[in-house]
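**Student:** Just passing along the structure, written as structure tokens.
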Amino acid sequence: MLTPLEQLEKISNDDFHLLEAVGPGEFSTSHLLELREQVMSRLNEFDRRKKINVMFGGTTAGWVIAFTAAYLYQNIWLALAAVVGLLLSLTAFVAGVWVLSRKYSSRGELEYSLQLIDNELSRR
């Protein structure tokens, strides 16, 4: 756990928090352009990770169908493999959602930062 002083230091070093707190008018144009590139990079990474999560979540339906087919044909080993695949897919999906929620506050927050930066750059 961080001490209050360490928390303040962490917040003061976070340009995105400062952008929201003091406004984009306090940043130089070159710094705003750098922040814009960082936001765009984070948005692209967020989208990429979200697509991977959706793929893991979608494969769970396939594993359920595979289990059902294996069970109907009384193939215990294939049914067991389908259950293991289902559990692995669900675990990967839940872990991916957890990582997204820990690493990124939300996509909306990133888009809001991008909108602030773009508005200020177009104003200048």
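What follows is calculated from the coordinates using simple rules that are stated; it is not laboratory data. Quick caveat: nothing in here was measured; it's all calculated off a predicted structure. Every residue, glycine among them, receives a Cβ derived from its backbone with ideal geometry; neighbour counts consider all protein chains shown.
**Student:** Only Cα pairs within less than 10 Å get springs; with that Gaussian network setup on the chain, which residue of L88, L33, L72 has the largest fluctuation?
**Tutor:** L72
**Student:** With the crude spin-label approximation of a point 7 Å out along Cα→Cβ, what separation in nm comes out for V94 versus A21?
**Tutor:** Here the answer is 3.6 nm between the modelled labels.
**Student:** About the Cα centre, and with charges only on the beta carbon of Lys, Arg (+1) and Asp, Glu (-1), how big is the dipole of the chain? Nearest 20 debye, please.
**Tutor:** 620 debye
**Student:** While we're looking at this one, here's another question. Only Cα pairs within less than 10 Å get springs; with that Gaussian network setup on the chain, which residue of N44, N75, N53 has the largest fluctuation?
**Tutor:** N75
**Student:** Rounded to two decimals, what ratio of Rg to Rh does the chain give with C-alpha atoms and a Kirkwood Rh?
**Tutor:** So for the chain, dividing Rg by the Kirkwood Rh gives 1.24.
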